[in-house]
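The values are calculated or read from the model by the stated rules, or taken from the named source; none is laboratory data. Bear in mind that the values here come from a model prediction, so they are computed numbers and not experimental data. Every residue, glycine among them, receives a Cβ derived from its backbone with ideal geometry; neighbour counts consider all protein chains shown. Just the protein is used for accessible areas: all its heavy atoms, side chains included, with ligands, DNA and RNA removed. Shrake-Rupley method; radii C 1.70, N 1.55, O 1.52, S 1.80 Å.
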Amino acid sequence: MEYRIERDSMGEMNVPAGAYYGASTQRAVENFPISKLRFGRRFIWGLGLIKWAAAKANKEMGRYDAEKADAVMKACDEVMRGEFDDQFVVDIFQTGSGTSTNMNANEVIANRATEILGGALGSKLVHPNDHVNNGQSSNDVIPTAIHLAAAGAVREDLLPALSTLAGSLEAKVDTFKDVVKTGRTHLMDATPVTLGQEFSGYAAQVRKAIGRMENVLPELEELALGGTAVGTGLNAPEGLVPTMIQHIADRSGYPFREADNHFEAQAAKDAVVSASGALKTVASSLFKIANDLRWLSSGPRTAIGEIQLPALQPGSSIMPGKINPVIPEAVMMVAGQVIGNDASVTWGGANGNFELNVMMPLMSYNLIESIDLLANASTVLAEKCVDGIQANVARATELVERDIIIITALAPHVGYDQAAEIAHVAMDTDRGVREVALEMSGLDAAELDKILDLKKMTEGGVL
């Protein structure tokens, strides 16, 4: 490999000749050979947007040469579009402020802007600190990029995916409204419900998940930008940051605003912890829904089997004809990952010391991964599973007719004790409740048919 020599405040470094990053980035590459995890597309877009807004605001205020500012803005546009993603090479496990990644962005943008102006890579015709990082610090840039990336991912990916899933579940509510089945509590038979009622619960969980994620957006749309190193705003001239944030809001189309308190915004990452907590709740909801679908489709002949999931792939390398609930299982694993990510984010949030949190790269990676995973899993669950679910009406009817707990509707008429006795006799003799109740309750067949109307049991009240 051919190299060029670049210099930063610590001296010279050999940098790959064609690389757009510089000495500071190369130091980080050599210092942190820890994982293969890198910041993703959303985060890099956020960094590009911040640097673009800074160049635009600095140009408007006449803080540095307009030609250079224009070149920086053009380079930022290219970074935002993903044209330089392969140049963001610093490991997630790095300095806790994310300074190495901020410098990675500064150097890539500065070198590309230098190239646009006809200069050679590494010549610093556009300087990574003096120009690209003007009026900023890693300590306010990185938390701002986290919020930009997370808010964009929630709005553009997760909320639409959850809405798709909610719509798929709601469509089944009407489709299954007349399918009466056994309710279950403690995994044991309970009073009847309709399959539609069960699915209405799942749909409501997802709608509430949408509301929870919408509730965290105002926190994520509050930006640390402007606090610079410790929250005081040193080296950020008056008027620069409000202009930058307005440019960010205008270009993104989202209501980003300056933090109410820069010391809180940089020393703590409570908004990130709160968002992760909401994502954990969404994950818990999806796990419950997916697990129920897996149980309801179990068998299909020797277990519950009240619904049939789409058959997507062979389920076994040894058992011919076996089909497994692969989509619910994948969603359950996603939920497990998100719950684990939340533990890491929570621990990271607890490690803000004095004026800075030093776990930001880790928190950012896990937060964005959780959003991406839940968005993709919700879409897959809707399109490859829920949309194709069919009710096994015969099986649901067979099971609910054998349900001893339908005796509950009889209790107001004969008393709890006699109803319990009828239930025990029916269970011990392996007979139906109707047959035993006709012998023991003193009620005739017509009265029992009215009281033990399975569909009406799903509608509440006393029969």
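So, of the residues in the range 303-329 that are in contact (Cβ under 8 Å) with a residue 40 or more places away in the chain and over 17 Å from Ala391 (Cβ atoms), which turns out to be surrounded by the most Cβ atoms within 10 Å (Cβ to Cβ)?
Checked the range 303-329; the qualifying residue surrounded by the most Cβ atoms within 10 Å (Cβ to Cβ) is Ile327.
Which pairs turn up if I take residues in the range 68-97 that are hydroxyl-bearing (Ser, Thr, Tyr) and look for partners that are part of a loop (DSSP other than H, G, I, E, B) and open to solvent by 50 Å² or more (accessible area, probe 1.4 Å) with beta carbon separation below 8 Å, at least 6 apart in sequence or on another chain?
Note: pairs meeting the criteria are Thr95/Val358; Ser97/Val358.
Quick one: count up the residues across the range 384-416 that are on the phi > 0 side of the Ramachandran plot and open to solvent by 60 Å² or more (accessible area, probe 1.4 Å).
Result for the range 384-416: 0.
Can you name every one of the helices (runs of 4 or more DSSP H) wholly within the range 231-302 that holds 2 or more residues which are on the phi < 0 side of the Ramachandran plot and hydroxyl-bearing (Ser, Thr, Tyr)?
Filter on the range 231-302 gives 240-252, 270-296.
Rundown of residues vs (1) under 18 Å from Arg42 (Cβ atoms); (2) of a type in the set (S, T, N, Q), yes/no style:
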| position | (1), (2) |
| --- | --- |
| Gln136 | no, yes |
| Pro143 | yes, no |
| Ala153 | yes, no |
| Asp174 | no, no |
| Leu195 | no, no |
| Val206 | no, no |
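Can you tell me which residue among Ala446, Ala419 is among the hydrophobic types (A, V, I, L, M, F, W, C), surrounded by 17 or more Cβ atoms within 10 Å (Cβ to Cβ) and either touching a Lys or Arg at 6+ places or on another chain (Cβ under 9 Å) or part of a helix (DSSP H, G or I) (or both)?
The unique qualifying residue is Ala419.
Take the residues in the range 3-20 that are open to solvent by less than 20 Å² (accessible area, probe 1.4 Å) and touching a residue at least 24 places away in the same chain (Cβ under 8 Å), then tell me which one is farthest from the chain's Cα centre (by Cα).
Glu6
Name the residues in the range 112-127 that are open to solvent by 10 Å² or more (accessible area, probe 1.4 Å) and of a type outside the set (D, E, K, R), would you?
Correct list: Ile116, Leu117, Gly118, Gly119, Ala120, Leu121, Gly122, Ser123, Leu125, His127.
Out of (1) of a type in the set (A, V, I, L, M, F, W, C); (2) open to solvent by 80 Å² or more (accessible area, probe 1.4 Å); (3) under 24 Å from Gly183 (Cα atoms), what's the single condition that is false for Met332?
(2)
Filter the range 231-260 for residues that are open to solvent by 80 Å² or more (accessible area, probe 1.4 Å) and either among the β-branched types (Val, Ile, Thr) or more than 31 Å from the chain's Cα centre (by Cα) (or both) and give the result.
Thr232, Leu234, Asn235, Glu238
Could you tell me whether the range 229-239 includes any residue that is under 21 Å from Ser364 (Cβ atoms) and of a type in the set (S, T, N, Q)?
no
Gly415 - would you say it is in contact with a Pro (Cβ under 6 Å, 6 or more places away or on another chain) and at pLDDT 95 or above?
Criteria not met by Gly415.
If you go through the range 261-280 one residue at a time, how many are surrounded by 17 or more Cβ atoms within 10 Å (Cβ to Cβ) and of a type in the set (S, T, N, Q)?
Of the residues in that region, 2 qualify.
Restricting attention to the range 21-40, which residues are basic (Lys, Arg) and either touching a Phe, Trp or Tyr at 6+ places or on another chain (Cβ under 7 Å) or surrounded by fewer than 15 Cβ atoms within 10 Å (Cβ to Cβ) (or both)?
Lys36, Arg38
Report every pair of residues separated by at least 6 positions or lying on different chains whose Cβ atoms are under 7 Å apart, first residue within the range 226-254 and without any contact (Cβ under 8 Å) to a residue 40 or more places away in the chain, second of a type in the set (A, V, I, L, M, F, W, C).
Within 7 Å, the pairs are Ala249/Phe256.
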